[in-house]
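One structure below.
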Amino acid sequence: MSHYKPYLAYKDSGVEWLGQVPEHWQVKRLRFAAMLNPPIRPDLLADLACEVSFLPMEAIGEDGSLNLEQNRPVQDVRNGYSYFEDGDVAFAKVTPCFENGKGALMQGLQYAAGFGTTELTVMRPVQDVTDARHLSYIVQSTQFRTLGAAAMTGAGGLKRVPDEFTRNFPVAFPPRTERELIGDHLDRETARIDALVAKKTRFIELLREKRQALITHAVTKGLDPNVKMKDSGVEWLGEVPEHWICKKLMYWIQGYGSGTTPSKDEDYCIEGGTPWVTTGELRESLVCETDKRVTDVALREYSALKAHPEGSLVIAMYGATVGRLGLLGVPAALNQACFAIHPCREISIRMLRWWFEGFRTELIELATGAGQPNISGDKIRNLLIAAPLSLEEQEQIASHIDCKTSRLDELVRKTERSIALLKERRSALITAAVTGQIDLREAV
């Protein structure tokens, strides 16, 4: 932002973190610039059957976007929900939504009004002090987000920004015409940055689609484009090379197994025992360290608990983690939500790991059960796996995927870093503009 110039004259704001502000700006607390959580319009209460916009938390984006597909009758939402109107500014006050920037300038609402999640703080600008657009940029500023997060009260994942923090938050307000110029400039620049972020985000999606297609093709078609094919007999596998063998996983492997959770008694859980793997440690990489360990006593006394050998492929079987993978970098025991396949002579664990990643969606679809769908070890053992008999060919396929995916993964990482820098620039520009660090009156 070096091309922006500061104002010619500044004054002390009287607020330590705000520091110097433009001399002609007025410093006020937000309580004098906005009404918090305003009351419902009387005409809506007079017509309870009237349908207005409804916004659950997932309908509010971290980029200020709104999903206005849902409407509900006033009588169903007038109690127990946050109320807002066109021209109000709302932000999520609960962690982690607040830190992630969920919030929006409300506009385009059905009947110019709506209700939504109770985890919103709604602000209505006071005329002649500020406007909704400027207020929206204030709550996007770094100071508001950082200080708001520090002021949160509550425990764990239920921490919230208290209304008193918002009411007492000091802001330096420019005159109306200057405020409009600042808003116009920020609209242009943030729109440009947002467009770049969207473009790069789409690029990442395409890279990941290409990665998935590459893996799936390699583990089902091999590396020879001219090889003769045959029907695998499995709909989602399709055709496979003619010389490949298709059989259940249990006939490819020798060792496998799951685990259990021992008592929390110190006889079973200590710091220096055998690593004990949970689904939280499965991060598509080598598992060498675990949060918890189990003793030799536990391994002896629990029949379902044993140390699986180094190099085993571990697959998550429960709930939202189904299909998550990891390779054991050390011998380790498992909990009941994990299934291990031991290294063997007939099939490469490296190729098998890529096979499971390529067909993770199909694996998830096999999960059953209400609330938290799970996949059993039996279902995993009965999966039909097609592969060449030659371990050398299997390893060649795995090495090919390693090489190709590593390049794509690096491209994804670089693009993600670029997106992070763009978002930092966006936040820094907004913060500098609304605190008067830069003069945008003549900015192009």
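The values are calculated or read from the model by the stated rules, or taken from the named source; none is laboratory data. All values reported here derive from a predicted model rather than from experimental measurement. In this analysis, Cβ positions are derived from the backbone assuming ideal geometry, glycine residues included, and neighbour counts consider all displayed protein chains.
Annotations for the structure displayed:
- Looking across the stretch 213-263, the residues that are among the charged types (D, E, K, R) and in contact with a strand residue (DSSP E or B) (Cβ under 9 Å, 6 or more places away or on another chain) come down to 221, 224, 228, 230, 231, 239, 242, 247, 248.
- The C-beta contact set for the stretch 118-141 (first residue closer than 22 Å to residue 56 by Cα and in a loop (DSSP other than H, G, I, E, B), second residue modelled with pLDDT of 95 or more and among the hydroxyl-bearing types (Ser, Thr, Tyr), distance under 7 angstrom, 6+ apart or interchain) comprises 118/81; 118/82.
- Consider the stretch 222-236 and keep the residues that are farther than 17 Å from residue 403 by Cα and in contact with an Asp or Glu (Cβ under 9 Å, 6 or more places away or on another chain). The one that is surrounded by the most Cβ atoms within 10 Å (Cβ to Cβ) is 232.
- Candidate set: the stretch 346-366, residues that are not in a helix (DSSP H, G or I) and not hydrophobic (A, V, I, L, M, F, W, C); chosen: the one nearest to residue 396 (Cα to Cα): 348
- Test: residue in the stretch 387-410 that is closer than 26 Å to residue 250 by Cβ, touching a Cys at 6+ places or on another chain (Cβ under 7 Å) and not in a helix (DSSP H, G or I): no
- Taking the numbered list (1) modelled with pLDDT under 95; (2) under 28 Å from residue 128 (Cβ atoms) in turn, residue 83 passes all entries but (1).
To keep it simple, each residue is scored yes or no on (1) assigned to a helix (DSSP H, G or I); (2) touching a His at 6+ places or on another chain (Cβ under 9 Å); (3) among the β-branched types (Val, Ile, Thr).
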{"residue": "215", "(1), (2), (3)": "yes, no, yes"}
{"residue": "223", "(1), (2), (3)": "no, yes, no"}
{"residue": "240", "(1), (2), (3)": "no, no, yes"}
{"residue": "263", "(1), (2), (3)": "no, no, no"}
{"residue": "271", "(1), (2), (3)": "no, no, no"}
{"residue": "298", "(1), (2), (3)": "yes, no, no"}
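- Every residue from the stretch 20-63 that is in a helix (DSSP H, G or I) and surrounded by fewer than 16 Cβ atoms within 10 Å (Cβ to Cβ): 31, 32, 42, 43, 45, 57, 58
- When we screen 100, 67, 79 for residues that are in contact with a helix residue (DSSP H, G or I) (Cβ under 6 Å, 6 or more places away or on another chain) and surrounded by fewer than 18 Cβ atoms within 10 Å (Cβ to Cβ), the only hit is 67.
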